[in-house]
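Report on the structure given below.
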Amino acid sequence: MEFDVIIAGCGPAGAMLAAELRLHDVRVLVLEKETEPASFVRIVGLHIRSLELMAMRGLLDRILEHGRRRPAAGFFAAIDKPQPQNLDSGYAYLLGIPHPVIVRLLEEHAVAAGAEVRHASAVTGFEQDDEGVTVELADGEKVRARFLVGCDGGRSTVRKLLGVGFPGEPARNETLMGEMSVAAPAEEVAARVAEVGVTDRRFSLRPAGNGVYGVVIPVEGVSDRGEPPTLDDFRKRLQIVAGTDFGVHSPRWMSRFGDATRMAESYRVGRVLLAGDAAHIHPPIGGQGLNLGVQDAFNLGWKLAARIRGWGPETLLDTYEAERRPVAADVLDNTRAQMAMVSSEPGAQAVRKLVSELMDFDEVNRFLIGRITGIDIRYDFGAGPDLLGRRMPDVEVKSGRLYGLLHRGRGLLLDRTERLTAGGWADRVDHLADPTAALDAPAVLLRPDGHVVWIGDDQRDLDEQLARWFGRPIGG
């Protein structure tokens, strides 16, 4: 085998997956069909859970240099409510960052970890057998690996060649989005936007500084999405929706997106897997897409590495789809709900008003923010305390903060009893005996993605869970 894993697509999910695999010395090749980054520079948001994951790998400080923080609020259907109280995270904010910048940072992270990235390398075919996958490129070259992962977007070539269905709803409407200068006075813009926004929640012009605005305009129907919008398209739609084009000029970037909602029927067929937009697409309302893909990568990376390195149990890869598909289904449903609530129809507006009133209760506001930001995800690991299956917050430990101990992508036994051991799994699981840890439990076992798989103080019970998630002990 030339490589252990070939990844199609070097967007955020593909680059993050490559870096996660390299933490375990897996030989990785990333194939990106594009020669250069996209020409438009849209701003994307990293939600709380993704920020936590970046902190777990020591990436967050570098990423923060390139982004702008804003409160973790106003996500659900753009209903303007304050940030909920008592979000149990040290990273309770949204980080806005240019999409090309986060892609570049994650690609640089993967390359620094030892991944090979080839641009202008489109996958055109592949064949899998019992030992691996042979991948054919557009120039006729063939490369071989033990696994192939499609992280190549909503129009995934890998998914199509694999023959996996992608059921759901096609796009029915589009939205133009961009950043551009506005000649009209700020007071005039604010007044007109407020007036139109009463009946059309999808329309907005938000100041970005120095006379530049972020512009979002609904479009009825669907055009050829292969064609990028022009400034004239924006002017015409602004005239129709707002009665004026506000004198828009000098665009920084322009793009269009549809409201298609689809999910792959399977995330894995043999030695070929799907992640990110290749596995699920949905409208960008709530800003969940990039985050969902990055979190797919964190869930899959250590599991795929475990199988390749020989210590992962046979069933470990099956848990990737079992855990991540329900999360994607929830995201698809909440974006469906949000899109319905931004409709100008009277019934939809009545529902929006009711939900807005319910969100005045902090518990409801907290529930919806937890859903969108990913901090309320709980995988099903069986009966147990509420923390079981959830991600572990970045609590204080004697060496500083917990996430600083997870940079290497290994499991962790956080032990307040000082009586337990992970000795038979010491090549895969670190052990911190710390009676002072800010932990309301005697001990917890964390997976490399920070989710709690065991809580207790019994060594025999702990050994069973170590074997379940981390395979046989050394010499076992």
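Of the residues in the range 360-371, at least one is surrounded by 20 or more Cβ atoms within 10 Å (Cβ to Cβ) and aliphatic (A, V, I, L, M). Restricting A208, A264, A191 to residues that are within 30 Å of K303 (Cβ to Cβ) and of a type in the set (A, V, I, L, M, F, W, C) narrows the list to A264.
When the range 323-342 is filtered for residues that are free of Cβ contacts under 8 Å to residues at least 24 places away in the same chain and farther than 30 Å from G382 by Cα, only A340 remains. The residue that is modelled with the highest pLDDT, counting only those in the range 242-274 that are part of a strand (DSSP E or B), closer than 24 Å to S344 by Cα and not basic (K, R), is T261. Of the residues making up the range 261-286, those that are more than 26 Å from L148 (Cα to Cα) and in contact with a strand residue (DSSP E or B) (Cβ under 8 Å, 6 or more places away or on another chain) are P283, P284. Restricted to the range 194-207, and to residues there that are open to solvent by 20 Å² or more (accessible area, probe 1.4 Å) and hydrophobic (A, V, I, L, M, F, W, C), the residue that is farthest from F246 (Cα to Cα) is V198.
Each row is one residue, and each column tells you yes or no for (1) open to solvent by less than 30 Å² (accessible area, probe 1.4 Å); (2) closer than 30 Å to L316 by Cβ.
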site: G209; (1), (2): no, no
site: V215; (1), (2): yes, no
site: E227; (1), (2): no, no
site: I240; (1), (2): no, no
site: T244; (1), (2): no, no
site: M263; (1), (2): yes, yes
site: L273; (1), (2): yes, yes
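I'd like the residue in the range 275-319 that is assigned to a loop (DSSP other than H, G, I, E, B) and under 24 Å from A340 (Cα atoms) and, out of all such residues, is most open to solvent (accessible area, probe 1.4 Å). That would be P284.
The values are calculated or read from the model by the stated rules, or taken from the named source; none is laboratory data. Note that the coordinates shown come from a computational prediction; the quantities given were computed from them, not determined experimentally. Methodologically, a virtual Cβ is constructed for each residue, glycine included, from the backbone with ideal geometry; neighbour enumeration extends over all protein chains shown. Note: areas computed on protein heavy atoms with side chains; ligands, DNA, RNA excluded. Shrake-Rupley method; radii C 1.70, N 1.55, O 1.52, S 1.80 Å.
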